[in-house]
Each structure stands twice: as C-alpha cells, then as structure tokens.
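Here the structure is laid out as structure tokens; the discussion comes afterwards.
Every number here is computed from the coordinates shown, using simple stated rules; none is lab data. This is a predicted model, so every value here is computed, not measured. All Cβ positions, even for glycine, are placed from backbone atoms using ideal geometry, and neighbour counts span all protein chains on display.
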Amino acid sequence: MTLSRRALLYLFWLCPLPLWAQDEPVYLDVSISSFTPAPAVAEGITEGTVTNAPRAISVEIRNAEARYLALYLRYRLEAAARYGAVRVVPELDAGADLAISGTVLQSDGATLSLHLSARDSSGALWLDQDFSGKATPSSSLNADPLLDDDFAALFSEILRALDAQLAARSPAQLDALKQQALLRYGESLLPDYFANFFALDVNGNRTLIRLPAANDPLLQRISAIREREYLFIDVVDEQYRRFFEDLRPVYRTWRSLRREQLDGAARVTERESSGGAQFRRGSYFALQESYDNYRWAKLDELYLDELSTGFTNETEPTQIELDDSLFRLSGNMAQQQREWRGILAELLALELQGNP
C-alpha cells in the first residue's frame with residue numbers, strides 16, 4: 001500500500017520525530033533504605049487509662065514493621081514495571097539512580113502515616129512529603145496479592161507521586177541520571193579522582209560538569225565493584241522475601257487486632273466520659289467486656305511474640321563467595337553492608353596497586 005503525500009504529512013504532524021528516531025525507554029534503578037520505625041509506644045490511647053487499652057509496641061516489632069513497609073513499597077514499584085532493579089538496602093545507597101527513604105510517623109492498625117523522601121543521583125528532590133491513609137481491609141478473594149493490603153490505596157498514592165516525577169523527565173535526562181549515579185558511587189570510593197567531575201555552586205549544590213570517557217578503565221572497574229556490592233543485596237534478598245511472606249499474614253491479623261482494641265477502648269472511654277455507669281458486676285455486658293480484655297491480652301501476646309521473631313533475621317550472618325573466596329559477614333544488615341563495602345574498597349585498592 002502506497003501512502004499519499006497528504007497522508008505522509010499528516011503522519012509527520014502526529015509524530016514530530018520519525019518513528020525510527022524515537023528514544024528507547026530508560027529504567028532507573030531504585031534503592032529503598034530501610035524505613036525509620038515509629039516510636040515503640042502505644043498509640044491513640046494512653047496505656048492504663050482503660051482496662052482494655054492496647055499494650056505498648058516493642059522496639060523489635062516497630063523495626064520489623066518498618067522493614068516490612070519498605071519491602072511492600074519495593075514490590076509495588078516492581079509490579080508497576082516502570083523502573084529497573086528495585087532493591088531494599090540497609091542504608092542509603094550512594095550509587096542509586098533514585099534513592100528513597102522513609103519514616104513511619106504513625107501506625108496503629110487503623111491509620112498509617114509515612115514521610116517519604118526521594119532524591120535522584122543529580123541531587124534533585126522528587127518527593128519530600130507526608131502520606132497518610134485509613135485502613136480499608138479487602139474482602140476480595142481474587143484480588144492481586146500485592147493490592148490486597150489494608151493500606152494499598154496509600155501506596156498507590158505514593159506511586160502516583162513518583163510516576164508524575166518520572167513522566168516529567170525525558171529519556172536523555174534519565175540516562176544522564178544513570179551516568180551520574182555511577183560517578184557518585186565512584187566518588188564514595190575514590191573521592192579525589194571522581195570529585196573532579198562535579199562543581200559546587202554558591203548554594204553548595206553539586207553539578208556534573210563533565211563525563212569520563214566511555215572506555216575509561218577506572219570507570220569500568222568502579223562499575224564492576226558496584227555490581228559486587230549489589231551481590232550482597234542479592235544474597236540477602238531471599239532472606240528478605242522469606243521475611244515478608246512469613247510476616248505478612250501475622251502482621252495483617254495483628255493490624256486487625258489493634259483496630260479492634262482501639263475501637264473497644266474508645267467505646268469504654270466514651271462511656272466513662274459521658275457519665276455512663278459501669279456495667280453491673282456479673283451482668284452479660286460486664287462478662288463480655290472481661291472476656292474481650294482476656295482475649296485481646298492473649299492474642300496481643302501471641303502476635304507480639306510472632307512479630308518479634310521476624311526481626312531476628314536482621315542479625316543472621318551472611319556468606320558471600322567472590323573469586324573463589326568465601327566471606328562471612330556478621331552483625332545487623334547495616335553493619336554487614338558496611339563491612340562488605342570495606343572489603344570491596346580494599347580489593348579495589350589492591351587492584352589499582354597491581355594495575356595502576
């Protein structure tokens with residue numbers, strides 16, 4: 001079929017760039033650092049004000065919850081299929097195309113509030129805002145497992161905010177961010193060499209002023225070192241996945257229990273503040289309240305124990321095999337990552353001494 005000149009002009013008007021000249025998509029790699037947990041105290045109702053007030057939440061549970069929420073964000077970003085590799089890392093990643101950090105402001109089963117910060121490798125801020133939502137339990141048996149979460153709508157809002165920033169950048173800009181990410185990682189290992197590629201303005205912001213040659217041997221070494229650092233993340237990723245899958249049903253039930261406790265405690269407080277009399281001793285309502293208090297206490301104890309065990313994985317040793325050598329890392333995940341980074345820096349220094 002032959003197109004007329006008018007049809008060709010119409011297609012050109014619809015497509016300002018020739019079809020063969022369209023930019024290829026560029027996918028940014030995302031590193032999500034473990035969230036800062038919420039305070040390890042009871043929320044909503046002060047402990048002791050009523051007999052069925054929720055117990056204080058332990059530090060271990062808050063830490064496990066913070067890691068769980070970071071992992072849930074990671075799986076939501078992966079499912080969106082608009083980003084490259086998405087990793088949860090113990091600490092901020094110097095070589096990330098896009099780095100996300102978060103703080104759990106409030107989490108009591110009924111309300112979840114997060115503060116998220118997202119910054120790309122150029123230093124530009126994508127997000128720096130609070131997100132808050134109410135629990136909306138799903139009752140669908142055929143729902144997407146990732147969307148079948150009490151706060152799925154809250155995380156959808158986060159994804160929309162990130163997508164708006166992503167859509168505002170061209171493929172060329174995204175590709176430049178990937179190059180800058182590698183240079184920033186190199187600067188974290190060899191600051192004297194890689195600092196020359198950046199300039200500081202009057203406000204203290206850094207700007208990329210030049211790029212090394214594509215075949216720069218040192219840049220190729222840095223790229224290889226960064227892949228070895230991500231080897232640590234890939235090794236512990238299976239551990240993270242098991243943690244998420246094991247914790248998910250327990251955490252979801254625990255959230256539901258906390259909501260039930262808060263509702264019951266609020267009813268008691270409302271009755272007492274309105275001058276209502278206590279239920280008559282031995283009456284059905286008094287017995288029901290006593291039973292609820294007992295059941296909540298036992299369930300709370302059960303789920304607190306199960307949630308606490310989820311945090312023990314944080315301190316399991318990790319073994320990594322590299323170039324026929326076996327490295328054993330110990331401490332919590334952040335300490336292990338710092339130890340692995342130190343090992344890689346030593347290996348790079350030895351390599352540069354042998355092949356300057």
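Per-peptide packing, taken as the mean over residues of other Cβ atoms within 10 Å, places 161-172, 209-220, 331-342 in the sequence 331-342, 161-172, 209-220 from highest down.
Entry for the range 181-230 at q = 0.18, 0.19, 0.22 Å⁻¹: log10 I(q)/I(0) = -0.57, -0.62, -0.79, Debye formula applied to identical alpha-carbon scatterers, no solvent contribution. Extension gain, residue 113 to residue 81: 0.36 nm times the residue separation minus the Cα-Cα distance gives 9.0 nm. Using all pairs of distinct alpha-carbon atoms, the Kirkwood hydrodynamic radius of the range 91-249 works out to 18.5 angstrom.
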